Amino acid sequence: MALKRVTPGLKDKSLTVGKQKLFSDLDLAFKPKPGTLVDGVYVGDVYKKTDAAAVIQAVENILLTNFYEKPFEPFYGANIRAMLFETMENYSERFITERITAQVEEFEPRAKIVDISYYEGEDLIPKGVIALSEYAKNSIYIKVEFNIENFTQSFTASVNMNRLR
């Protein structure tokens, strides 16, 4: 026999409430929060990034990480920095775009990519360029626009990579 609890004055309806996820991550600057002084040492916590800032930082980390840099995950990252030192004839815009999209989808499921743009200096590299080498000889600026679940606006993560050799 099932028992049903009835509260006087309330109707017998079930209410559904949407749960909003809170994204958080450590701030990679590792700046300490103001703490208390204990035995000559400040004791406190480090700042953390929350919501959209955490996801933007995670996407930027994927863009800046080469293969084999993260322990126990050898293929984490987009491996773009390694491409700067290769002959760029082998790497087209389509190849780099597909690599970024695949890595972000695999390692950052909170971000859904909308657009990826490439800049050389302040000039936008035209879409559909066969090889990026004719434009980006020593540096490239990549801007990834993406949406995050539970947010209406889109966000951008950007990285600037330079070849210094």
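Which residues, counting only those in the range 23-81, are of a type in the set (Gly, Ala, Ser) and either over 21 Å from Lys143 (Cα atoms) or assigned to a loop (DSSP other than H, G, I, E, B) (or both)? Correct list: Ser24, Ala29, Gly35, Gly40, Gly44, Gly77, Ala78. Sub-6 Å Cβ pairs linking a first residue in the range 152-165 that is on the phi < 0 side of the Ramachandran plot to a second residue that is modelled with pLDDT under 80 and of a type in the set (Ser, Thr, Tyr), at least 6 apart or interchain, are Asn162/Ser139, ordered by first then second residue. The number of residues in the range 73-108 being surrounded by fewer than 13 Cβ atoms within 10 Å (Cβ to Cβ) and at pLDDT below 90 comes to 6.
The values are calculated or read from the model by the stated rules, or taken from the named source; none is laboratory data. As the structure is a computational prediction, the values presented were derived from the model and not from experiment. Don't worry about glycine lacking a Cβ; one is built from the backbone with ideal geometry, like all the others, and counts go over all protein chains shown.
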